[in-house]
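Rule-based calculations on the coordinates, nothing more; no lab input. These figures come from a predicted structure and were not determined experimentally.
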Amino acid sequence: MIGVCILGSTGSIGVSTLDVVARHPDRYRVVALTANSNVDGIHRQCLDHRPRFAVMSDPDAAARLRGRLAGTGIEVLAGMDGLEQVAADPDAPIVMAAIVGAAGLLPALAAVRAGKRLLLANKEALVVSGRLFMDEAVRHGAQILPIDSEHNAVFQCMPGDYARGLDRIGVRRILLTASGGPFRAAGRETLAQVTPEQACAHPNWRMGRKISVDSATLMNKGLEVIEACWLFGTGPDRVEVVVHPQSVIHSLVEYVDGSVLAQLGNPDMRTPIAHAMAWPERIASGVAPLDLFAVARLDFEAPDRERFPCLRLAYEAVTAGGGMPAVLNAANEVAVEAFLDRRLPFLAIPALIEETLGRLDAGGAATLDALLDLDRRAREMARSLIDGFGTRSA
Ligand code: NAD
Ligand code: MG
């Protein structure tokens, strides 16, 4: 029996992970579940899966959960200390990092430093601290398996020794597919009026609200370009984005001999989750078999960087290097939150991020403290700029 810790168990990825775990009770047991403040959600999960630990980031929520779990033997912890403790617990060799945003960085890093198999859904952690994160994984013998469907697909299309470098294994390009989001074909006038409800209604995937908005702006693909650079040890010049509205090909790897390998499947995150949990073995995930006759056709088009400037901003940030991706991520988190609160129009999301990037000098940030400080300053800067953008673009 392999112990599993799920960071962010009440979210979309967390729930899918528990679904896969529950299909294999002879193979996996849940050691820890964590959530931000959703007491009802995690309470139900605790009764179903009987972990040893439950962690709430919010201390008041932890106190309420403790009351409701009294007598069950499940220990309730609180805050960042609790998250880091369960992420590093030797009873759970597998850790799913499924907290959303930079808030998930420190617990994911705690798992890496404990030498775990880290199932990484929390792409923001890599965007903020890619070099440090990957270096720590090597130092502590941690194994990072990508959960993001594109990166999981790329991983599946590469040889096991890809860490030797893309040139050595004959890879020319990584092609990340993008659905294009709910506004793939929308004009600027439509984009100017987009509501949070429309932005969160993704055509192919059911996801948390933040990543849904990121998919609508194409920032999600921008973050994934940066994520791919770190996971596969390459520069952004070898990572290309292909819009593929059906979301059946999850990504492709092009080799120097002209071969292009792709991974296909129904758009359901339980496939990459089951793949990474059992790797190098394969286990059932509950995902329906792909019906190619029902899919019938696969379309491809180039992304429109004019209508979706977030993709351009992400390429620029990773090319500039240093702390720029951390600033990009922080400004994006602030912008998305403001958009979801109806304080910022949809088209002002990239504008706010670009302005924040232009105002901060992020060149040298390399240590964890410097990156966390930069993340804090970028958030402050972005927040101070919101009012201007809110009124100007409304
Ligand atoms: P979600 O919003 O549905 O869930 C987020 C989880 O994190 C919840 O359990 C929540 O309680 C917890 N959380 C939120 N803020 C927190 C905080 N400040 N501290 C501690 N815990 C906190 O998000 P999701 O869609 O499941 O996405 C999770 C991560 O996986 C994101 O980084 C996302 O980009 C990535 N991802 C998601 C999908 C998907 O299909 N949903 C696909 C690929 C990658
Ligand atoms: Mg993805």
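Couple of notes before you dig in:
- Distance between region 82-157 and region 188-262 - C-alpha centres, whole angstrom: 20
- Here the translational diffusion coefficient of the chain follows from Stokes-Einstein with Rh set to the Kirkwood radius across Cα pairs; for 10 °C and 1.306 mPa s it amounts to 74 µm²/s.
- Directionally averaged shadow of region 43-152, computed from the convex hull of its alpha-carbon atoms, nm²: 7.0
- Considering all different alpha carbon pairs of region 280-389, the Kirkwood hydrodynamic radius works out to 16.2 Å.
- For region 33-76, the C-alpha radius of gyration divided by 2.2 N^0.38 Å, with N the number of residues, is 0.95.
- Distance histogram for region 154-295 (every C-alpha pair counted, 5 angstrom bins, percent rounded to whole numbers): 2, 9, 16, 19, 19, 17, 11, 5, 2, 0
- Estimated [θ] at 222 nm from DSSP helical runs (n ≥ 4, -39500 (n - 2.57)) normalised by residues in the chain, nearest 500: -14500 deg cm²/dmol
- The length gained by stretching the chain between residue 143 and residue 185 to full extension, at 0.36 nm per residue less their Cα-Cα distance, is 11.2 nm.
- Rg(Cα) / (2.2 N^0.38 Å) computed for region 188-228, rounded to two decimals: 1.20
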